[in-house]
Amino acid sequence: MEKITSFTIDHIKLQPGLYVSRKDKVGSETVTTFDLRLTKPNEEPVLNTAEVHTIEHLGATFLRNDRQWKDKVLYFGPMGCRTGFYLLLAGDYTSREALPLVLNCFRFIRDYSGPVPGASARDCGNYLDMNLPMANYWGGKYAALLENIDETRLVYPE
């Protein structure tokens, strides 16, 4: 079998950032997959499941309620390696074009207090596995990176 695209990225060189992971044609439409990398793979600790789960609930809620982007958001969820998240948008976009949306999303996660949306037995299959303070921490850490990001963190390393 062929190696899938995400396994061809040099994870030794990869730094936290916002990257276009791939662009796929679906009929006449383009779907852009973004790699929202929060930690340096294989060097920094990965995110624990509780904060990943909380970020997923908060991020998906924010993104699907954003007035400008909600109709373009196809998916937001964690990477299996727990070093970041994937965001799939309908359309052909660059990392720079998605940056304001992702930055606002992680500022929202950083600043959020109150009940986590969808964190109930009725709405979620594992609603007890949540950690809002750590989600706030990671939201702040990633937002700070995005606020000062340069081109080296917007394009995958060679």
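The values are calculated or read from the model by the stated rules, or taken from the named source; none is laboratory data. Everything numeric here is computed off the predicted structure, so don't read it as measured data. For neighbour counting, all protein chains shown are included, and Cβ atoms are generated from backbone atoms with ideal geometry for every residue, glycine included.
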> Looking at Tyr93, is it in a loop (DSSP other than H, G, I, E, B), among the aromatic types (Phe, Trp, Tyr) and more than 25 Å from Tyr156 (Cα to Cα)?
Replying inline: no
> How many residues are touching a Ser or Thr at 6+ places or on another chain (Cβ under 6 Å) and modelled with pLDDT under 95 when one looks only at segment 1-21?
Replying inline: 0
> For segment 111-134, how many residues are under 18 Å from Asn48 (Cβ atoms) and in contact with a Gly (Cβ under 9 Å, 6 or more places away or on another chain)?
Replying inline: 4
> Which of the residues that make up segment 138-156 are over 22 Å from Pro78 (Cβ atoms), touching a residue at least 60 places away in the same chain (Cβ under 8 Å) and in a loop (DSSP other than H, G, I, E, B)?
Replying inline: Val155
> What is the one condition in (1) touching a residue at least 24 places away in the same chain (Cβ under 8 Å); (2) under 20 Å from Leu154 (Cβ atoms); (3) out of contact with any Phe, Trp or Tyr (no Cβ under 9 Å at 6 or more places or on another chain) that Thr33 does not satisfy?
Replying inline: (3)
> For the subset of segment 83-117 comprising residues that are surrounded by fewer than 16 Cβ atoms within 10 Å (Cβ to Cβ) and among the small types (Gly, Ala, Ser), which member is nearest to Glu151 (Cα to Cα)?
Replying inline: Gly91
